[in-house]
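The values are calculated or read from the model by the stated rules, or taken from the named source; none is laboratory data. No experiment lies behind these values; they were computed from the predicted model shown. Glycine also receives a Cβ, built like all others from the backbone with ideal geometry; neighbour counts cover every protein chain displayed.
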Amino acid sequence: MSQSVVVPNQPLKDLDQWDDFVEGRYKEGKSEEEFRVYDATATPGVAEFYRLNHENMTVDYVLAKEEEYFTLRKGQKTIWEAADFLNTLVDDSDPDTDLTQIEHLLQTSEAMRRDGQPRWMILTGFLHDLGKCLCLYGEPQWGVVGDTFPVGCAWSNDIVFPKYFAKNPDRSVAAYQTKYGIYEPNCGLDKLHMSFGHDGYIAKVMEPYVRDESRYMLRYHSFYPWHKHGAYDHLCNDQDRSMLEWVLKFNQYDLYSKGHTKPDLAQLKPYYDDLFAEFLPPTVAW
Ligand SMILES: [Fe+2]
Ligand SMILES: [Fe+2]
């Protein structure tokens with residue numbers, strides 16, 4: 001990646017390689033066996049990406065990253081400034097055929113708009129991956145994207161590539177290896193420390209401004225073990241269960257709205273200017 005900071009251990013060609021893997025994994029209703037067969041087709045880069053994620057995503061790491069980023073000390077930006085900043089994430093993808101980060105966001109939100117979804121959801125569609133700017137702060141791919149899961153309690157077997165947890169140092173911390181770990185039964189997902197990544201960061205940035213449905217979409221959109229497999233219900237409360245349908249509704253657009261037609265940013269901009277002004281202050285803290 002052509003970033004100012006040289007980040008080691010970047011096995012993905014670009015961040016979309018993870019999105020593409022997930023999209024294929026959740027195509028149609030696969031059986032457990034079909035998931036295993038599909039995972040075996042993962043490219044060496046994707047498998048290595050998950051190995052790094054699962055081995056390094058410890059309680060200590062997550063708490064340190066929450067302290068660093070959830071305190072929002074990276075300055076004020078408008079949404080367009082944040083989107084332009086994310087667009088400077090230039091990786092090895094082909095500029096002629098691949099879409100820019102802003103175009104990806106617009107494809108998600110525009111698909112929602114075509115379906116007549118509420119305005120707050122269209123906004124959420126546009127915002128949902130802005131947290132990928134973590135890469136530009138020097139965070140490695142495995143700490144920005146990837147399916148998310150709680151740390152500090154037993155890993156579910158519904159997390160993709162569970163074998164890679166074998167070398168995670170938290171394996172030898174007994175308190176983190178029980179069903180509930182450091183949490184109370186049915187404490188609610190908001191009490192959990194989730195594996196760190198772009199979902200948690202953008203949810204934190206937008207927390208003061210968005211409704212619960214939107215916050216759930218932002219914070220849990222990559223929590224596939226929960227929203228696709230039903231794992232971790234023992235940590236969920238009634239609010240989580242009632243929000244699940246919104247996260248699933250969102251996931252349809254996140255996974256399947258990708259196409260190759262480039263959204264016309266200049267033409268769409270006035271609509272989004274109004275949308276941002278309706279729900280957000282001129283600048284937000286990042
Ligand atoms: Fe995402
Ligand atoms: Fe996305």
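Quick notes
- Checking region 88-95 against the condition returns no match, with no residue being within 16 Å of ligand 1 (Cβ to nearest atom) and either at pLDDT 95 or above or hydroxyl-bearing (S, T, Y) (or both).
Here's the yes/no breakdown for (1) over 18 Å from F223 (Cβ atoms); (2) in a helix (DSSP H, G or I); (3) among the hydroxyl-bearing types (S, T, Y); (4) touching a Cys at 6+ places or on another chain (Cβ under 7 Å):
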site	(1), (2), (3), (4)
F85	yes, yes, no, yes
V90	yes, no, no, no
I102	yes, yes, no, no
L105	yes, yes, no, no
Q117	yes, no, no, no
F126	yes, yes, no, no
L136	yes, yes, no, no
W142	no, yes, no, no
G146	no, no, no, no
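- R241 being without any contact (Cβ under 8 Å) to a residue 12 or more places away in the chain, under 28 Å from E55 (Cβ atoms), away from ligand 1 (no atom under 16 Å from the Cβ) and of a type outside the set (A, V, I, L, M, F, W, C): no
- Single residue of R51, R73 found to be part of a helix (DSSP H, G or I) and of a type in the set (D, E, K, R): R51
- Condition check for K132: of a type in the set (D, E, K, R), in contact with a Leu (Cβ under 8 Å, 6 or more places away or on another chain) and part of a helix (DSSP H, G or I): yes
- Condition check for G29: among the small types (G, A, S), away from ligand 2 (no atom under 16 Å from the Cβ), out of contact with any helix residue (DSSP H, G or I) (no Cβ under 6 Å at 6 or more places or on another chain) and part of a helix (DSSP H, G or I): no
- Test: residue in region 212-233 that is farther than 23 Å from K65 by Cβ and either of a type in the set (A, V, I, L, M, F, W, C) or touching a helix residue (DSSP H, G or I) at 6+ places or on another chain (Cβ under 7 Å) (or both): yes
- Within region 23-39, residues that are closer than 19 Å to N251 by Cβ reach partners that are surrounded by 12 or more Cβ atoms within 10 Å (Cβ to Cβ) and hydroxyl-bearing (S, T, Y) with beta carbons closer than 6 Å, at six or more positions or on different chains, in the pairs R25/Y38.
- Some residue of region 248-258 being of a type in the set (D, E) and surrounded by fewer than 20 Cβ atoms within 10 Å (Cβ to Cβ): no
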